[in-house]
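Let me begin by presenting the structure, written as structure tokens, before commenting on it.
Bear in mind that the values in this text are calculations on the coordinates, not laboratory data. Not measured: the values here are computed from a predicted model. Here Cβ is always computed from backbone atoms with ideal geometry, including for glycine, and neighbour counts include all displayed protein chains.
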Amino acid sequence: MPVSLKNLTTFGIEATCAELYEVHSPEQIPSYHGILSEPHLILGGGSNILITKNLEIPVIAIRNQGIHIEQENQSNIWVKVGAGVVWDELVHWAVSNGFGGVENLSLIPGRVGAAPVQNIGAYGVEIANALKSVTAWDKFTQRFCQISVQDCQLGYRDSYFKQKGKDRFIITEVTLCLQKPPTYKPILSYGTVLEELRKNYLEPFTIQQVRDTIVEIRRTKLPDPKVTGNAGSFFKNPIISYEQFVELQKDFPAIVHYRVHNEIKLAAGWLIEQIGWKGYRQGDVGCHPKQALVLVNYGKATGTEVWELAQKIQQSIFQKFNVKLEPEVNVY
Ligand code: EPU
């Protein structure tokens with residue numbers, strides 16, 4: 001019997017899979033050997049995926065829980081977290097215990113196991129800042145293994161798990177190193193974070209105040225997937241050469257950009273807004289009115305409709321700016 005995936009992805013799009021298996025403990029995984037040797041899909045919180053058709057394959061949803069303190073000293077604490085823990089519940093746990101390092105990643109939808117795969121990031125922090133290692137089931141060797149943060153090869157929305165290690169591992173646990181005050185200083189350099197904090201609090205700011213402020217900023221800009229289906233930023237911010245940037249800036253002096261080593265990262269949201277897509281809606285598919293990088297399902301949009309809009313946006317950006325937008329979301 002096909003199983004609906006509508007409530008298992010944050011886009012909330014109707015699609016089915018052949019069968020659904022839930023992993024509540026990593027020890028279950030070896031017994032799935034038969035399923036794992038055939039085509040299948042591993043699903044975490046479903047917050048970075050667009051499904052455009054019914055899947056004729058089984059889906060394995062990773063749901064194992066647990067936050068365990070492994071080690072602690074005066075300034076740091078190492079925690080091992082089950083891949084199925086909801087990411088923001090982990091952030092809430094860390095902040096309410098006074099541990100810093102992930103508060104800028106508040107309210108990011110999804111589950112812990114997917115966080116290293118795309119190196120989740122927001123407001124000047126990536127999971128790369130706190131990650132120590134991941135524990136994973138290696139489908140090739142059929143063993144559990146430990147992969148160090150160096151071997152995870154984390155980059156901007158990128159990792160070993162999206163490159164050479166693609167489709168090989170099932171992440172079952174993630175070990176993070178969090179930091180304790182007073183040595184810990186939150187990172188407040190991104191955008192309006194500091195300005196917003198100063199409106200409500202006096203310095204030095206607590207980790208809780210930083211979390212509350214990030215939550216507030218996100219709520220004003222980003223649609224709540226429980227209300228309006230979406231998968232956060234649909235595209236990555238494109239990185240171009242300095243030479244290409246200099247040419248572009250001649251035609252578009254106000255172009256929003258950031259220097260990343262010797263290259264330039266552009267704000268895809270700005271590019272999309274320049275074309276006039278921001279706030280666009282056709283039927284139940286749209287480009288969010290407050291953040292052009294977020295594509296939304298207002299109700300009954302299909303995955304194909306969302307993907308068609310994404311492709312139109314890509315084409316128009318390429319025509320106007322000669323820049324290729326790459327999806328951040330995984331499209332199936
Ligand atoms: N901008 C516009 N119009 C828009 C959106 C953005 O002009 O409609 C410009 C603004 O100038 C703004 C700049 O782009 O100053 C950057 O915008 P914002 O701070 O909203 O961040 P972003 O680059 O659009 C990235 C991440 C988000 C993350 C924010 C905050 C990517 C692909 N996205 O978005 O991550 O929350 O920074 O750090 O890197 C996600 O990955 O799903 C996600 C939401």
Given the conditions (1) in contact with a Gly (Cβ under 8 Å, 6 or more places away or on another chain); (2) of a type outside the set (Phe, Trp, Tyr); (3) within 14 Å of GLY303 (Cα to Cα); (4) touching a residue at least 40 places away in the same chain (Cβ under 8 Å), and given that GLY44 satisfies all but one, which numbered condition is not satisfied? (3)
Surrounded by 15 or more Cβ atoms within 10 Å (Cβ to Cβ), polar (S, T, N, Q) and more than 26 Å from TYR123 (Cβ to Cβ): does that describe GLN244? yes
I'd like the residue in region 281-296 that is within 15 Å of the ligand (Cβ to nearest atom), out of contact with any Lys or Arg (no Cβ under 8 Å at 6 or more places or on another chain) and touching a residue at least 24 places away in the same chain (Cβ under 8 Å) and, out of all such residues, is farthest from PRO225 (Cα to Cα). LEU293
Out of VAL117, VAL134, report the one residue that is in a strand (DSSP E or B) and surrounded by 15 or more Cβ atoms within 10 Å (Cβ to Cβ). VAL134
Could you look through region 258-279, keep only residues that are assigned to a loop (DSSP other than H, G, I, E, B) and in contact (Cβ under 8 Å) with a residue 24 or more places away in the chain, and pick out the one that is nearest to the ligand (Cβ to nearest atom)? ALA267
Could you check how many residues of region 184-218 are more than 24 Å from ALA128 (Cα to Cα) and more than 16 Å from the ligand (Cβ to nearest atom)? 7
Go through region 234-253 and report how many residues are more than 27 Å from the chain's Cα centre (by Cα) and either basic (Lys, Arg) or not in a helix (DSSP H, G or I) (or both). 3
